[in-house]
Every structure is written in structure tokens, then in C-alpha cells.
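A short write-up of the structure that comes next.
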Amino acid sequence: MAASDRIMLGPLVGAIDQGTSSTRFLVFNAKTAELLSHHQVEIKQKFPKEGWVEQDPKQILQSVYECMERTCEKLSQLGIDISNIKAIGVSNQRETTVVWDKITGEPLYNAIVWLDLRTQSTVERLINRTPGKNKNHLKHKTGLPISTYFSAVKLRWLMDNVDEVRSAVHSGRAMFGTIDSWLIWSLTGAKNGGVHCTDVTNASRTMLFNVHTLDWDPELCQFFDIPMEILPKVRSSSEIYGLIKICSSMKSGSLTGVPISGCLGDQSAALVGQMCFKDGQAKNTSLRPSFMLIAMGSTLPRAYISFQCYSDPFCPQYTRYGTGCFLLYNTGQKPVMSEHGLLTTVAYKLGRDKPACYALEGSVAIAGAVVCWLKDNLGIIQSPEEVEKLAVSVGTSYGCYFVPAFSGLYAPYWEPSARGIICGLTQFTNRSHIAFAALEAVCFQTREILDAMNKDSGIPLKQLQVDGGMTNNKLLMQLQADILCIPVVKPSMPETTALGAAMAAGAAEGVRVWSLEPEDLTAVTCERFEPQINPEESEFRYARWKKAVAKSMNWETTAPLNGNGETSIFSSLPLGFYILGSMFMLVGAKYISGLKI
């Protein structure tokens, strides 16, 4: 690259994009939002028991260092001066929970991932303590139901079951945080002065945060019996938290001294990356694997919904099928409590003195992950792309319906006892029909959440705007339009989440290299999918899906009857009654036969 070109680039901003299955570091031009270079590293997940999902916090941190180092090398090879990187933002998987020792800097246990179900018994115990055994008992403060999904119950489980964590908490050595807190603390010096903080978007996913006061709530902490001293300081999503310090893991230390000045949970980062800042704004720029929805709002001329899939690398070409999907409906500067199973969450707060904006959110645990399951667990496809070919070959599920409730059901049910089910099978059903049903399942789950959002807003969605890896599947996009009975619009650019983190970092006070003014935003081109089936057929298929969902409910309970805490066969009530009944029948038969003798 010529010297004149290097000068024209101007200030650059980096973004750490730490997801469920991969870490990336991306560098953008702050003036044009152009992605200049990036590097990606896969993150391993551990499954020590059924329903348990863990990750190594040290591996996550090392992946961040590797991605930053490799991206800087690539920029240098392009002739781009990395000293122009003026700020770094962090986007992260949200509810995943880490506890570490502030003296040694070592994690005290693996990170418990947001999908993890080990806390189901903890959740049931907590709900039983509430008046009327109400899972929404804390919702007026948190905007959330008591669920395995959120960080407080994961932290409670760690304190109850891991001696190292319990000891560190009692001795005042423990630090708690979601992945953003762990990364910022580590990058800014760790045990040598690291900054222990989080932002409002991540804090709002813990169940310890009051969405009205925008701070940790003493009564919530008392309910979970969690000392407030171990919690990170809550900051805005756009301010300087600290400077990157030299790390032996980085060969060049080229980013030492660069401020970390942006922090957003991944869904909020996607919303910011779409530049949805003002009430009534209709601008949409899509720059990261995510789904964006635009709807008419009840109180605003336009509202915004972000349906983002976690970005996971299933092939070298970066065709991504996300783990879960999440729909965000921007409600402006007032938190709105849903009456139809949605969450109230903080969308963003772009500066210490700026107001917070809120969102209604619908969360689906398993979306693109069902494609991974077809590949890795059943072996009926060799690559994610093959699922579309199989589904296209039959063009119908032939009455087969798939509910991928592998981690229970999230919005709008919040039912951890549900489990996955494939029903409607006949001798004619083959793997192509199952592949079609799997794609339909993603669309049906979206329909359920959009129905809830339409009820809360009072005005139906007019179109669904999508982008991200799953949008490469044209059949899926057409199915989504057919099932929703509204057009689906696919923008052309793919890096929304990382861009949102970069924008927050670049716009922070003390950095100010990124303009968030509407006149500085550019338009994007789109591909449009129109519904091709009549509404009656769509409603029929949706009704059958709802019937399948009902059959997936109440499959598991968590009553442990043996000494090691494992669930007994008697924890399934129908099976328990069957076994007990059979025993009584056998005893009775023996007794009767004895009388005859």
C-alpha cells in the first residue's frame, strides 16, 4: 500500500468479538466503517456432564491475544500503520460466568456458558422461596424471569458446589464477571492493577442489576446471597475503562497503551452496529452476522428489532450457523415490562452522561446449532451447506416437526424441563425431511417471539430484515417469509456486532474518532424474499408446530434421589408411577398366589 494511501486511512478502531464458539479481532476505518483486517480463533467447549457447558477462561484470553497479534501482523503486511489504532471495543457472549482470584489472577473454575442447564435445581429452589412460587418475582426490578439462562444462578451454583470459589468469596479474594469483565481486567493489567468493570448491557443479564437505577441492587444480591464486593463496577457502554498493558503472550506488544473504551453484550453491539440510536430513526446498516428486524412500534414511528445469531465457524469459508438467536425491540429511554414472555434489557448507554436505551428481547437457545447437531451428532450431513440441498430436494417436511429444545425452551415459554422432539415420523420420512423440519424450526421459533412482540407493541411487524451466515441459505429465508407471512429483507454487509463495539469505543469521550451522527451513515443494498404460500397454509403448519412444542414440555425434572446428586429414574413422574405401580402389582400377584397355595 502506498504511503499516500496509509495517510488517507486516518484513525482506526479495533473490536474484540468474543463469541460462544470463536474469538475474533477486527480493525475498522473510523471514517468509513470499512473492515480492514481480522483474525479468528475457534474456542473449545467442554461438556463434562449432560446439560453442562463450560469453557476455559484462560483459553478465551489467549485466543484474544492471538487474534490481536495476528490481525496486527496482517495490517503490517498490508502496509497499514497499526499505531493508528486509537481505541478497542469489546463485544461478548453475555451470561457466561467467570469467577477468578484477584491475588493470583487465576480462574477458580471453568466459565459456565449461558446454555448450561446444571442450575435447574438451583432455579427451582429459588422459585420455591418466592411468594406463590412465581418465576417472575424479580421481574419488576430485573426485567428477567428466574431462569438457568442468567448469571446470578450460575454464580450461586459455583458458590454452593466449588470449594475454591466458596473459599475465595469468604476470604475476599474472588472476582465475578461475565466474559467482558474477565477480558478487560486481564487486558488492563490483571493482578497488577487490572480494571474490574462491566457495562450496563452485560450487567442487565445477571439478575443482580436493577434496570431502573442502572446499578447493582442490594435486595437482589441478598435474595441470591451474593456479596456485592465481588461484583464489577457498572460503567456505560462507551467510555475509557483502562489502557492495554504489555503481555508476555503478545510478541510485539503493539497495542500497549491503546484504550479499551467500548463494551457491549453481543446483541446490543449488533443493535449499535445497525446505528439504531434515536427514537423513530429508520436507518439500518448491517455489518455483522446477525438478523435485524424492523417493525412499527406502539409508541415510536419506527422501532428496531435485532435478531442476531452467534457467529460460529463451521467451515473455512466462514459460512456461519449461529448457536442461538435473539430478537431485540428497541423501546427507547423507558424500560417496558413484557406481558408475553419477553425480557426487558438495557440496549446501550453510549456515554457516562448519556441516557440508557432499553429493549424487549426474545431469546431462542437453539437455532443454527440444530444444523451443527445434524452434522456432528446424527451425521446426516457432512457440512452445514448440505442441509439446504437436502431440504430443497424434498421441498416439505412431509408432516415432520422438529422442536430443538436441547437446553429447554427460552422465550416465550421459559421452560427448562422441555427437551428436543421430532414427531410426525412415518416409514416415508427420510433425512431430507428432517433437514427441512430443522430449518422450519428456526422459522417457527422466530414466529413465536414475533407474535409476543406484536402483542406487547400492539402493532404487527411489517417486514423482517435479516443478515448473517444463515441468510446464505435461500430456502431458509423463503421459509421465514412464508411462515411469517411478511417480506424478509437481507442487507448486503455482514459485520454488525464487531462494528457496534468499535463504534462505541471510537465515539467515547477522550477518543472521539468515530461519528455517530445520522448524516455520516451510508445506505446498503438489499435482497427481498416475498411470501409464496397462502396464510391458511402457514397457519396450519404453525399450529402443528405448536402442538409439537406442547409435547416437548415437562420432559425432565431434577429431583435427585441418589447420594451423588444424579437424577434418578423416579424424577420422571410418569415413569416413577409406572415403576411403582408395576412393583405393587407384582407384590399383589405374589400375595394372591400365596393365598391360593
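The table that follows gives values for the structure above.
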item	result
Residue list for region 323-342, filter: touching a Pro at 6+ places or on another chain (Cβ under 8 Å) and in contact (Cβ under 8 Å) with a residue 60 or more places away in the chain	H340, G341, L342
Members of region 422-464 that are among the basic types (K, R) and in a loop (DSSP other than H, G, I, E, B)	K462
Lone unmet requirement of (1) open to solvent by 10 Å² or more (accessible area, probe 1.4 Å); (2) closer than 26 Å to G362 by Cα; (3) of a type in the set (G, A, S) for S204	(1)
Condition check for A505: within 30 Å of I260 (Cα to Cα), touching a strand residue (DSSP E or B) at 6+ places or on another chain (Cβ under 6 Å) and modelled with pLDDT of 50 or more	yes
Members of region 525-536 found to be among the acidic types (D, E) and open to solvent by 80 Å² or more (accessible area, probe 1.4 Å), listed by number	E530, E536
Yes/no for G79 being at pLDDT below 95, assigned to a loop (DSSP other than H, G, I, E, B) and more than 24 Å from C263 (Cα to Cα)	yes
Some residue of region 184-192 being open to solvent by less than 10 Å² (accessible area, probe 1.4 Å) and within 16 Å of the chain's Cα centre (by Cα)	no
Which numbered condition T23 fails, given (1) among the polar types (S, T, N, Q); (2) free of Cβ contacts under 8 Å to residues at least 12 places away in the same chain; (3) assigned to a strand (DSSP E or B)	(2)
Those residues of region 392-434 which are at pLDDT below 85 and on the phi > 0 side of the Ramachandran plot, in sequence order	G408, W414
Search result, residues across region 37-55 that are in a strand (DSSP E or B) and either touching a Lys or Arg at 6+ places or on another chain (Cβ under 9 Å) or buried (at least 19 other Cβ atoms within 10 Å of the Cβ) (or both)	S37, H38, H39, Q40, V41, E54, Q55
Qualifying positions in region 424-453 - open to solvent by 10 Å² or more (accessible area, probe 1.4 Å), polar (S, T, N, Q) and in contact (Cβ under 8 Å) with a residue 40 or more places away in the chain	S432, Q445
Residue match in region 194-214 (condition: over 19 Å from the mean Cα position of the chain (by Cα) and small (G, A, S))	yes
Count of region 87-98 residues which are among the hydroxyl-bearing types (S, T, Y) and either more than 21 Å from H170 (Cβ to Cβ) or surrounded by fewer than 18 Cβ atoms within 10 Å (Cβ to Cβ) (or both)	2
Residue in region 176-192 that is modelled with pLDDT under 95 and assigned to a helix (DSSP H, G or I) present	no
Every pair of residues 6+ apart whose Cβ atoms lie under 9 Å, when the first sits in region 409-421 and is of a type in the set (V, I, T) while the second is open to solvent by 40 Å² or more (accessible area, probe 1.4 Å)	I421/K551; I421/W555
Region 361-390, residues that are open to solvent by less than 10 Å² (accessible area, probe 1.4 Å) and either out of contact with any strand residue (DSSP E or B) (no Cβ under 9 Å at 6 or more places or on another chain) or over 20 Å from D116 (Cα atoms) (or both)	V371, L374, I381, P384, V387
3 or more residues open to solvent by 20 Å² or more (accessible area, probe 1.4 Å) and either under 18 Å from F209 (Cβ atoms) or free of Cβ contacts under 8 Å to residues at least 24 places away in the same chain (or both): qualifying helices (runs of 4 or more DSSP H) within region 99-174	120-128, 139-142, 163-170
Residue pairs meeting the criteria (Cβ under 8 Å; at least 6 apart or on separate chains; first within 17 Å of S552 (Cβ to Cβ) and in a loop (DSSP other than H, G, I, E, B), in region 378-406; second modelled with pLDDT under 85 and among the β-branched types (V, I, T))	P404/I366; P404/V370; A405/I366
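The values are calculated or read from the model by the stated rules, or taken from the named source; none is laboratory data. Quick caveat: nothing in here was measured; it's all calculated off a predicted structure. Neighbour counts are summed over all protein chains in view; Cβ atoms, including those assigned to glycine, are modelled from backbone coordinates with ideal geometry. Note: areas computed on protein heavy atoms with side chains; ligands, DNA, RNA excluded. Shrake-Rupley method; radii C 1.70, N 1.55, O 1.52, S 1.80 Å.
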